[in-house]
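Accompanying notes for the structure given below.
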């Protein structure tokens, strides 16, 4: 198995060097704005351009507390996010060193945090105020994309990518260490999936990405 993996990686590296002029092959990318998201995202992606038309990428990021919102009462935020994308170039402009593409992405996000909320006893109707519990959230999303890549120089290995899209996401909430025989009392809508008061929810989402790419 190890020998097969080494052989596979060697073929990728060889193809990358052969296709250097066409700027095909393996590349790495990262989103510098990820750390400004509601759950700050730290990670990167690996991609492969097969030819002038098709490329794929896979991204993995660790999720941490927001740098600009702070934790507030939602503490110990941690989790991960993965995104898989396929892209097809519909226009290549040799003069501006750019390409326009359409594509699709699948993303999966899972994170948890310590939350505080009110719970109502189903039998007595009494409310338990400011009860501490753990919120576990998982999100699946599918979206169509449109984007553009700009080469940063005639023979540069660096490029800039901007994407936007629209899709659906499916959110599931599991709560741990809640009071027995109670239901949660919603008191604010939340922002960016924190906090969550609905057990399951389907909604539209609009992925926007800015990535810096480097070809290997």
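Nothing in this text is a laboratory measurement; each read-out follows from the coordinates by a stated rule. As the structure is a computational prediction, the values presented were derived from the model and not from experiment. Glycine also receives a Cβ, built like all others from the backbone with ideal geometry; neighbour counts cover every protein chain displayed.
Sort 91, 115 by Cβ crowding within 10 Å, fewest neighbours at the top.
91, 115
Once you place label points 7 Å from the Cα toward the Cβ at residue 150 and residue 78, how far apart are they in nm?
The answer from the label model is 4.0 nm.
How do 141-153, 167-179 rank on mean C-beta neighbours within 10 Å, highest first?
So the order, starting with the most tightly packed, is 141-153, 167-179.
Would you mind computing, in nm to one decimal, how far apart the modelled labels at residue 96 and residue 205 are, each placed 7 Å from Cα along Cα→Cβ?
The answer from the label model is 2.9 nm.
Report the gain in length on full extension from residue 214 to residue 106: 0.36 nm times residue separation, minus Cα-Cα distance, nm rounded to one decimal.
36.6 nm
When the expected Rg is taken as 2.2 N^0.38 Å, what fraction or multiple of it is the alpha-carbon Rg of region 49-185?
Scaled against compact globular proteins, the figure is 1.53.
Roughly speaking, what is the stretch gain from residue 86 to residue 120, that is 0.36 nm per residue apart minus the C-alpha to C-alpha distance, in nm to one decimal? Don't skip to the end; give the middle numbers.
On the way: separation 34, 0.36 × 34 = 12.24 nm, distance 4.62 nm.
Separation in residues times 0.36 nm, less the Cα-Cα distance, equals 7.6 nm.
Exposure proxy check: 107, 157, 49 ranked by fewest other beta carbons within 10 Å?
With the fewest neighbours first, 107, 157, 49 line up as 157, 107, 49.
Based on a Kirkwood Rh over C-alpha pairs, give the Stokes-Einstein translational diffusion coefficient of region 78-120 at 4 °C and viscosity 1.567 mPa s in µm²/s. Mind dumping the intermediate values first?
Values: Rh = 14.3 Å.
After rounding, the answer is 91 µm²/s.
Mind sorting 105, 52 by how few other Cβ atoms lie within 10 Å of their own Cβ, fewest first?
So the ranking, lowest neighbour count to highest, is 52, 105.
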